[in-house]
Amino acid sequence: MSETATQQRPGAQALSPTDEIARLNKIVQALMDRAERSANAQGSDFNLFQTTIMLEEQVLSRTAELEAALRENEEVNRVLRKTQADLVAAARSAGMAEIATNVLHNVGNVLNSVNVSAGLILSKVRASKVEGLARAVQLMNAHADDLGTFLASDAKGRMLPGYLMQLTPLLVAEQRAVVDELVALTKSVDHIKEIIAAQQAHAGASSLVEAIRIHEVVEDALRMNAGGPARHQVVMQSDLARIPELPLDRGRVLQVLTNLVRNARQAMEAAADDSAKLMLDAEIVEDETLRIRVADTGVGIAPENLTRVFVHGFTTKKDGHGFGLHSAAIAAREMGGTLAVHSDGPGTGATFTLELPIRKPGQTP
């Protein structure tokens, strides 16, 4: 065997050159596959590293965006809280303004009655017969030394006793009329006090319930609206005096009726009908509810306005303010009752119905 011949393991079969080349090719291919797998493995680690870096950057970017959004949200919340506070303050101011407006309106209604009473008292005082009494006393003082002779023989003296007899009943009637107007004036002033006190106690205080006669309250409401034209006839459609004393908030009931009567009178004035009538009625329903109706033959109410007449500020009158009926509806609700209106349309008049619960003895408001 030649020296260059390939040495073989003992017992191994000699390979042909072709087989040896094939074997070597397999070894090389195996080595190449191993190297490729190693390279691929290293490449996967690198890609994973790159992916991790990209995810971290995205997380940081998203975190920054969320932090910015959070700061913006905090600013929005701050603005919302301030806006809410402003709205609460505005609502409180609006509520106070509405209460003040209602107070002024209701006080204004009563002041009309005050003016009427004051005017009547002034006219009666100016036309008083007391000056005649003063002249008679002055005449008697001038003849104090010979008063008997003066009354018996002097022409003026003989007329003086008869004059004094005629003057006495006139002065008594005059005094009674002035006293009546002063009583009415005092009631009006007391009602103004009740209106103000009720509004001052509005936030949570219980209503001032007392036993009242409803016909007396109705009469007061009519008297407080007596300053308008006298051509409107007032018709009592039932005997209000037969209704017994009821535990009610007199001030609020009077406030509602005063506004309803005033509204009815204005509606009839606008209708310019000399035969217009103001009709009042009251009844107790099933021993649980006091129902009072105030109806008029005035201008009526359009169907689209029936749901709006109690809205604050709504009015169809040229010089109206839209406070009276709104205030009356609030007072009815504060007493646990309701105030409703019905009209068949323009020119047919209107009927307002006030319903109030009748509290049993010992029952709390």
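Of the residues in segment 339-356, none is open to solvent by 30 Å² or more (accessible area, probe 1.4 Å), out of contact with any strand residue (DSSP E or B) (no Cβ under 7 Å at 6 or more places or on another chain) and either under 28 Å from Asp249 (Cβ atoms) or not in a loop (DSSP other than H, G, I, E, B) (or both).
Residues that are open to solvent by less than 30 Å² (accessible area, probe 1.4 Å), among the β-branched types (Val, Ile, Thr) and touching a strand residue (DSSP E or B) at 6+ places or on another chain (Cβ under 7 Å) within segment 254-299 comprise Val256, Val261, Ile292, Val294, listed in sequence order.
Is it fair to say Leu260 is modelled with pLDDT under 90, part of a helix (DSSP H, G or I) and within 25 Å of Val110 (Cβ to Cβ)? No; evaluated as a whole, the condition is false for this residue. Among residues of segment 263-291 that are closer than 17 Å to Ser238 by Cβ and part of a strand (DSSP E or B), those with a beta-carbon under 6 Å from a residue that is open to solvent by 30 Å² or more (accessible area, probe 1.4 Å) and modelled with pLDDT under 90 at least six positions away or on a different chain give the pairs Lys277/Gln233; Lys277/Val235; Leu278/Val234; Met279/Val235; Met279/Gln237; Leu280/Met236; Asp281/Gln237.
The values are calculated or read from the model by the stated rules, or taken from the named source; none is laboratory data. Note that the structure is a prediction, hence the values are computed from the model and not measured. Neighbour counts run over all protein chains shown; Cβ positions are idealised from the backbone, glycine included. Side chains are part of the model used for accessible areas, which takes the heavy atoms of the whole protein and leaves out ligands, DNA and RNA. Shrake-Rupley method; radii C 1.70, N 1.55, O 1.52, S 1.80 Å.
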